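Report on the structure given below.
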Amino acid sequence: METLNTDILVIGGGVNGTSIAMALAERNAGKITLIEKGGLATGATGRSGAMVREHYLNVELVRMASDAKRFFEEWPKEMGYDLKFQTTGRILLFDESDAGAAIANGEMNRAEGVNIETLSPEKTMKLIPLANLEDVKISLYEPEAGYADPVATTYAFAMEAQKKGVELLTRTPVKSLIVEGGRIAGVETATGKINADVVINVTGPWANSLLGQHDIPLPITPIRVQMVHLRRPPKLEILEQIIIDYTCGAYYRTDGTPNTLVGGEAPEDMSEIVNPNTFGLNADHDFIMRFWNRAIKRFPDFVDATCRGGYGSLYDMTPDGNPILDESPNISGLYNVAGFSGHGFKLSPITGEMVADLVTGQSKSSHDYKLFRSSRFDENSPITPARPYSARVHQ
Ligand SMILES: Cc1cc2nc3c(=O)[nH]c(=O)nc-3n(C[C@H](O)[C@H](O)[C@H](O)COP(=O)(O)OP(=O)(O)OC[C@H]3O[C@@H](n4cnc5c(N)ncnc54)[C@H](O)[C@@H]3O)c2cc1C
């Protein structure tokens with residue numbers, strides 16, 4: 001059994017853990033080690049839809065997402081990485097019940113500088129002529145949105161972190177935290193001990209398992225979500241845009257081939273609380289049929305699609321659908337960065353910067369991590385949109 005020493009230990013090799021390690025290394029924050037129980041991006045990240053958009057319902061999140069989108073456009077070119085970022089455009093469909101909120105949120109996003117248009121059904125039809133829009137009252141269109149490859153992104157962050165001196169330990173599960181006199185002192189792994197002054201828990205759906213008996217559980221629930229692959233029939237091959245159907249919580253995104261990934265975020269799609277170590281990896285037949293039927297309702301030609309199955313994955317849900325970025329109130333030197341609730345991929349470059357501020361005491365990021373303090377739930381001030389939509393759990 002060997003003992004390693006580091007200044008900062010980041011636990012979790014997903015897109016957020018690697019982004020944080022990279023941001024800390026850029027600031028020369030000390031000796032940094034990242035530890036991951038499996039391979040990089042093998043948690044929620046590797047199964048992510050990885051859509052990158054700016055439309056959010058809170059001003060702060062719009063600003064974070066806009067800066068993150070610029071990062072996805074510029075950083076790979078500057079640094080020589082290929083994150084496979086594809087600009088597809090993203091169309092959000094609303095019926096009567098959410099039309100007022102959509103108009104108001106579109107205006108708020110435009111005021112923040114987002115390239116987003118509010119479209120009538122007639123104009124929407126010009127973009128997606130094969131859609132059935134009979135129940136759609138209004139849509140929002142973000143022409144610059146798209147998606148990246150979450151695995152390529154995580155490996156790029158990890159490689160850049162490594163170049164800047166971060167040590168990566170994969171296939172090394174952390175078994176428990178070591179806490180001495182109310183301070184973090186390191187962790188026990190399967191192969192030995194790692195002494196660390198600072199430990200950052202970026203383990204997403206596993207965040208509470210890691211805290212174990214040492215800390216009060218975070219308000220984070222692992223929820224199983226499902227994705228379905230539909231191979232579009234030739235007539236539908238033109239459907240390249242991302243579609244978010246707010247009338248029923250469904251979303252559709254191409255994977256760069258004539259395949260569409262179909263997901264759902266209506267309350268009934270997200271009610272299965274699971275153990276993150278034993279959740280069902282394959283999609284269930286009833287989910288496949290539910291998602292497929294929604295797809296047919298919106299694009300009737302999906303009736304001729306070939307279903308190529310689907311998979312299960314995890315959201316780390318908090319009560320307000322937004323992450324926690326905070327030092328533990330009980331264990332100094334332990335930071336929890338989790339609860340991204342199904343929208344943490346695009347924000348990851350900004351999360352890295354914010355957590356680097358939090359841990360180093362600097363304020364180099366233009367975004368304030370305090371918005372994501374864990375005490376907001378006890379203070380009864382969750383992050384809630386002024387104009388929420390009705391059919392989706394996460395906004
Ligand atoms: C189906 C799906 C679609 C999504 N679509 C989008 C989208 O379109 N846009 C978007 O922005 N976001 C999206 N998300 C959300 C986004 O993917 C996640 O918020 C993000 O990937 C979370 O990254 P993470 O690094 O915080 O967590 P994870 O990727 O879950 O990483 C946590 C890591 O911690 C490791 N770990 C756990 N316990 C231990 C331990 N004891 N020791 C060592 N390592 C440990 C795990 O193995 C894992 O690799 C989606 C998520 C899913 C599931």
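Read-outs: derived from the displayed coordinates by stated rules, not from any lab. Because the structure is predicted, anything quoted here is derived from the model rather than measured. Because the Cβ atoms are built from the backbone with ideal geometry, glycine has one as well, and the counts that use them run over all protein chains shown.
Toward the positive end of the charge dipole of region 42-154, about the Cα centre and with charges on Cβ (Lys, Arg +1; Asp, Glu -1), which of Phe85, Gly146, Leu130 goes farthest?
The residue sitting most towards the positive pole is Phe85.
Which whole-Hz couplings ³J(HN,Hα) result when phi for each residue of region 341-354 is put into the Karplus expression 6.51 cos²θ - 1.76 cosθ + 1.60, θ = phi - 60°, listed in order with x for Gly and Pro?
In residue order, the calculated couplings are 6, x, 9, x, 5, 4, 7, 4, x, 6, 4, x, 5, 5 Hz.
Given region 113-222 reduced to its alpha-carbon atoms as identical point scatterers, what log10 I(q)/I(0) does the Debye formula return at q = 0.10, 0.21, 0.22 Å⁻¹?
Reported log10 I(q)/I(0), two decimals: -0.59, -1.21, -1.27.
Among Leu281, Tyr246, Ile223, pick out the residue whose Cα is farthest towards the positive end of the charge dipole of region 181-286, where Lys and Arg carry +1 and Asp and Glu carry -1 on C-beta, about the Cα centre.
Toward the positive end, the furthest listed residue is Leu281.
How large is the dipole of region 235-374 about the Cα centre if only Lys and Arg carry +1 and Asp and Glu carry -1, each at its Cβ, rounded to the nearest 20 debye?
180 debye
What does the highest-first list of 312-318, 351-357 look like by mean Cβ count within 10 Å?
Those peptides, ordered most packed to least, come out 351-357, 312-318.
Check cross-link reach from Lys235 to the lysines: straight Cα distance under 17 Å, and skip same-chain residues fewer than eight apart.
Result set, ordered by chain and number: Lys126, Lys297.
Once amide H atoms are placed 1.01 Å from N in the peptide plane, what residues at a sequence separation of 5 or more from Ile178, or on another chain, have their amide H within under 5 Å of its amide H?
For Ile178, whose amide H was placed from the backbone, the distant partners under 5 Å are Ala185, Gly186, Val187, Glu188.
What Kirkwood hydrodynamic radius do you get for region 83-168 when you take the inverse of the mean 1/r over all pairs of distinct Cα atoms, in Å?
After inverting the mean inverse Cα-Cα distance, the result is 15.2 Å.
Once phi is turned into θ = phi - 60°, what whole-Hz ³J(HN,Hα) does the Karplus curve with 6.51, -1.76 and 1.60 give for every residue of region 35-46, x standing for Gly and Pro?
10, 9, 6, x, x, 4, 6, 9, x, 4, 4, x
Cα convex hull of region 278-366: how many Å³ per residue?
166 Å³
Considering region 201-319, what Rg and Dmax in Å follow from its alpha-carbon atoms?
Just the Cα atoms of region 201-319 yield Rg and Dmax of 16.5, 57 Å.
Starting from 0 in steps of 10 Å, tell me what percent of the Cα-Cα pairs of region 321-395 lands in each bin.
Here the calculated profile for region 321-395 is 18, 48, 29, 5.
What residue among Gly46, Ala21, Leu34 has its Cα farthest toward the positive end of the dipole of region 1-72, where the charges are +1 on Lys, Arg and -1 on Asp, Glu, each on the Cβ?
The Cα lying farthest towards the positive end belongs to Gly46.
Within the P(r) computed for region 166-246, what percentage of the Cα pairs occupies the region above 15 Å?
The share of Cα pairs beyond 15 Å in region 166-246 comes to 71 percent.
Step through the residues of region 15-21 one at a time and calculate ³J(HN,Hα) from phi using the Karplus curve (6.51 cos²θ - 1.76 cosθ + 1.60, θ = phi - 60°), rounding each to whole Hz and writing x for Gly and Pro.
For region 15-21, the Karplus-derived couplings read 5, 7, x, 5, 5, 5, 4 Hz, x marking Gly and Pro.
With +1 assigned to the C-beta of every Lys and Arg and -1 to the C-beta of every Asp and Glu, and no other charges, what is the dipole magnitude of the chain about the Cα centre in debye, to the nearest 20?
Result for the chain is approximately 580 debye, rounded to the nearest 20.
Let me check the size of region 220-284 from its C-alpha atoms; what are the radius of gyration and Dmax in Å?
Gyration radius and largest Cα-Cα distance of region 220-284: 13.8, 42 Å.
For Phe377, project a label point 7 Å along Cα to C-beta. Then give me every residue of region 201-234 with its amide nitrogen under 20 Å of that point.
201-225
How many angstrom lie between the C-alpha centres of region 60-139 and region 278-351?
Between the Cα centre of region 60-139 and that of region 278-351, the gap is 19 Å.
Given the alpha-carbon gyration tensor of region 16-73, what are the semi-axes of its equivalent ellipsoid in whole angstrom, ordered largest first, with each equal to the square root of 5 times an eigenvalue?
In descending order, the three semi-axes are 25, 18, 9 Å.
Percent of Cα-Cα pairs per 20 Å bin, from 0 to the last occupied bin, for the chain, please list those.
28, 57, 14, 0
Run the helix sum for the chain: -39,500 (n - 2.57) per DSSP H stretch of 4+ residues, divided by residue count, reported at 222 nm to the nearest 500 deg cm²/dmol.
-8500 deg cm²/dmol
Would you mind checking which residues have amide H under 5 Å from Val10's amide H? H placed 1.01 Å from N; only 5 or more apart, or other chain.
The answer is Thr33, Leu34, Ile35, Ile200.
Using mean Cβ contacts within 10 Å as the protection proxy, how do 273-285, 299-311, 324-336 order, highest first?
Ranked from most to least packed, the peptides come out as 324-336, 299-311, 273-285.
By average Cβ neighbour count within 10 Å, what is the ranking of 40-47, 10-17 from highest down?
In descending order of packing, they fall as 10-17, 40-47.
Given the chain, what percent of its DSSP beta bridges are antiparallel, to the nearest 5?
Here the antiparallel bridges make up roughly 70 percent for the chain.
Nearest 10 degrees, 0 to 90: what angle lies between the long axis of helix 150-163 and the longest principal axis of the chain (Cα atoms)?
On a 0 to 90 degree scale, this one is about 30.
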